[in-house]
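The values are calculated or read from the model by the stated rules, or taken from the named source; none is laboratory data. In this text, all values refer to a predicted model and were calculated from it rather than measured experimentally. Cβ atoms come from the backbone with ideal geometry, glycine included; neighbour counts cover every protein chain shown.
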Amino acid sequence: MLSIQEQLADELAQLEMANQRRETISAPQHGDWFTNDLFGLSRDPHVIARAKAALDQYGAGSRASRALGGDSPLHKEAEELAADWLEAPRALLFPSGWQACAGVLGALVGRGDVIFCDRMLHASLIDGARLTRARRVITPHLDLTALENALRQSMGARRRLIVTEGVFSMDGTAPNLVRLSELAVEYDAWLLIDEAHSAGVLGPRGRGAWGAACEEGALDANLVSRIVTGGKALGCAGAFVLGSSELRSLMLTKARSFLFTTAPSPAVTGALCGAIERIQELDQERIQLQTHARHLAQELDLPTPAGAIVPVPIGSSERALDLTLKLRAQGIQVRAVRPPTVPNGESRIRIVLHSSQTTTQIDQLVEALRNLDWTPNSIPQERTSASRALWVVGTDTDVGKTVASAGLLHALRTLGRCGYCKPVQTGSEDPLSSDTNEIRRLVPDLLTCTPSIELPLPASPHEAAAAVGVQIDVPQLNSWLDEQLRRQTSGVLVVEPAGGLHVPLTPEVLTSDWCAQRSEALVLVARSGLGTLNHTLLTLEALITRNLHPRALILVGTPHESNRRTLAERAACPVVELPLLEPLTSDSIKAWALSSGLPEILEPLFS
Ligand SMILES: Cc1ncc(COP(=O)(O)O)c(C=O)c1O
């Protein structure tokens with residue numbers, strides 16, 4: 001029996017092996033290319049004076065939640081200043097941006113609603129969305145066509161909320177807010193913008209991306225709220241939720257992360273007042289910041305950034321860490337952003353420009369990167385086109401893996417890119433037994449490929465191969481699979497092996513061992529009725545001993561409440577029932593998939 005410390009150490013060791021262990025770090029004295037204090041307002045004399053005056057007048061702590069005696073005229077002053085600066089009717093101050101995101105989302109939507117999330121949204125919005133119980137539809141980054149399709153398909157929902165960022169924190173890109181506002185109006189959806197990285201940087205007087213979009217004709221009819229954090233360009237902490245007075249009242253009544261937490265301290269609130277006053281005067285510095293960011297991107301041959309963030313794509317997390325350490329050795333402090341913050345294979349060095357930097361310093365950074373052999377094309381190919389496999393394994397042959405795969409693909413489509421492959425097809429002489437054709441029928445317009453190996457005998461792969469005098473070459477099959485994954489470009493590839501989990505692929509290699517070798521995500525498909533308890537529990541045991549943990553168990557056939565309950569108690573994953581669909585069409589399987597809870601279960605595959 002391991003002690004608590006040993007268990008924690010074990011977990012840490014695993015994170016370390018996956019390059020995901022983190023440490024806290026302080027801001028460097030010199031060569032800071034990563035903190036969010038873009039204009040140095042955290043050290044601004046006026047901001048500090050306002051914080052000190054607040055301390056003197058109100059003391060060190062705010063003593064309680066705003067709803068229980070923690071309120072003060074200072075909080076109201078900060079809110080009025082923020083609303084005035086950002087040209088919003090009202091503002092409500094939260095202790096942090098994370099809390100503002102979680103609070104607003106939780107107060108606005110819930111069960112029966114749909115939230116549309118761009119794939120690159122910041123973790124605070126993703127976490128907030130997860131907490132709401134609304135259905136989440138994740139669309140590819142900045143893909144307005146995908147968003148429009150998703151909006152069209154969700155007209156039955158009670159509320160539809162489009163969530164975006166003014167400048168995306170990880171990519172430095174910006175959405176087309178004019179078009180987003182039009183879509184929101186057209187599809188009767190609400191628009192929420194997190195301006196963490198755009199407020200203070202874009203728009204007149206730093207009023208943010210929305211301020212700029214309004215000048216270009218954005219429609220404010222369906223804008224429900226904006227979130228402006230105090231810990232970024234303002235150099236302090238906290239966050240304002242901006243919107244109508246009804247929105248403010250609703251937030252302070254319903255937002256749990258506002259109600260059940262101590263009010264922001266007087267020092268922070270006073271500093272925020274000072275920073276809001278100062279930031280509006282910084283037009284020159286804003287121009288400087290934009291010029292710096294564009295100069296850096298141009299020198300590195302990267303797309304023009306929307307704000308102060310320039311992500312330098314690296315690919316693997318090992319290489320991103322390695323480059324970071326080598327730059328640090330030269331006195332250049334940068335930070336690598338790695339999974340799970342960004343998708344696998346998309347690690348990057350995230351450069352945050354500051355107005356006080358000089359062109360010479362930027363050129364030194366460029367030179368250092370070039371000396372370390374970084375070029376926009378230096379990203380290993382297999383990393384840029386990273387995608388994940390989702391294996392669909394069965395307790396037996398003919399349990400319904402292909403229909404379940406079709407359902408999974410419809411669910412995956414709501415989240416991002418996906419495709420299907422069947423590496424080995426047995427019984428290939430009968431076109432009716434081609435699972436790939438069945439998938440093409442049930443999931444139209446999907447990226448599929450012909451199987452790598454087609455064997456005429458309807459038997460297990462090792463036997464069907466022997467019948468034509470060959471043996472399956474597993475390394476060759478793996479290369480073929482890697483090639484399919486590359487073609488998939490940053491999506492999820494559903495892989496359906498032939499037969500049940502333990503079926504031999506070769507006389508030496510079972511399908512279960514092949515699966516464990518590749519250690520991919522997987523879903524287990526089983527029958528719903530009599531006999532399933534034994535088959536399914538044995539299969540689960542075989543998976544677990546190979547360190548394979550299914551994302552879901554899909555029970556195909558007439559729903560059987562007691563089997564479902566028994567398996568749910570033992571499966572350690574969600575159990576989903578797939579009844580026999582009559583008729584089995586693309587529409588019927590899609591309708592099942594969208595109401596099955598699978599999109600929420602599969603969402604982590606895209607993060
Ligand atoms: C886009 C975005 N939203 C919200 C937050 C959370 O803000 P805070 O640090 O104040 O909790 C951040 C900060 O990391 C962010 O980048």
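With the checklist (1) surrounded by fewer than 14 Cβ atoms within 10 Å (Cβ to Cβ); (2) touching a residue at least 24 places away in the same chain (Cβ under 8 Å) in hand, flag the one item LEU15 doesn't pass.
It is condition (2) that LEU15 fails.
Against the conditions (1) modelled with pLDDT under 90; (2) crowded, with 21+ Cβ neighbours inside 10 Å, where does PRO140 fall short? Just the number, please.
The one condition PRO140 does not meet is (2).
Out of GLY211, GLY203, GLY217, GLY156, I need the residue that is more than 16 Å from the ligand (Cβ to nearest atom), without any contact (Cβ under 8 Å) to a residue 40 or more places away in the chain and surrounded by 18 or more Cβ atoms within 10 Å (Cβ to Cβ). Which one?
GLY203
Quick check on ALA267: is it part of a helix (DSSP H, G or I), in the same structural domain as LEU144 (by TED's automatic domain parsing) and within 15 Å of the ligand (Cβ to nearest atom)?
no
Of everything in the stretch 181-197 that's within 16 Å of the ligand (Cβ to nearest atom) and not small (Gly, Ala, Ser), which residue is nearest to PHE34 (Cα to Cα)?
Among them, the one singled out is HIS197.
Does LEU553 meet the test of being closer than 30 Å to LEU457 by Cα, assigned to a loop (DSSP other than H, G, I, E, B), within 24 Å of the chain's Cα centre (by Cα) and without any contact (Cβ under 8 Å) to a residue 40 or more places away in the chain?
no
Can you tell me which residue in the stretch 81-118 is surrounded by the fewest Cβ atoms within 10 Å (Cβ to Cβ), limited to those that are within 14 Å of the ligand (Cβ to nearest atom) and of a type outside the set (A, V, I, L, M, F, W, C)?
SER96
On the given criteria, is LEU223 modelled with pLDDT of 95 or more, more than 16 Å from the ligand (Cβ to nearest atom) and under 12 Å from PRO95 (Cβ atoms)?
no
Is the stretch 163-173 home to any residue that is among the hydroxyl-bearing types (Ser, Thr, Tyr), over 18 Å from ALA83 (Cα atoms) and in a loop (DSSP other than H, G, I, E, B)?
Checked against the condition, which is being among the hydroxyl-bearing types (Ser, Thr, Tyr), over 18 Å from ALA83 (Cα atoms) and in a loop (DSSP other than H, G, I, E, B), the stretch 163-173 yields at least one hit.
Under 20 Å from SER225 (Cβ atoms) and either within 16 Å of the ligand (Cβ to nearest atom) or surrounded by 19 or more Cβ atoms within 10 Å (Cβ to Cβ) (or both): which single residue out of SER124, SER72 fits that description?
Exactly one residue qualifies, and that residue is SER124.
Would you check if VAL443 is assigned by TED's automatic domain parsing to the domain that holds ARG417, surrounded by 17 or more Cβ atoms within 10 Å (Cβ to Cβ), closer than 25 Å to SER586 by Cα and in contact with a helix residue (DSSP H, G or I) (Cβ under 6 Å, 6 or more places away or on another chain)?
Answer is yes for this residue.
Out of (1) buried (at least 18 other Cβ atoms within 10 Å of the Cβ); (2) at pLDDT 90 or above, what's the single condition that is false for PRO303?
That leaves (1) as the condition not met.
Can you spot a residue in the stretch 232-249 that is within 14 Å of the ligand (Cβ to nearest atom) and either assigned to a helix (DSSP H, G or I) or touching a Cys at 6+ places or on another chain (Cβ under 7 Å) (or both)?
No, that holds for no residue.
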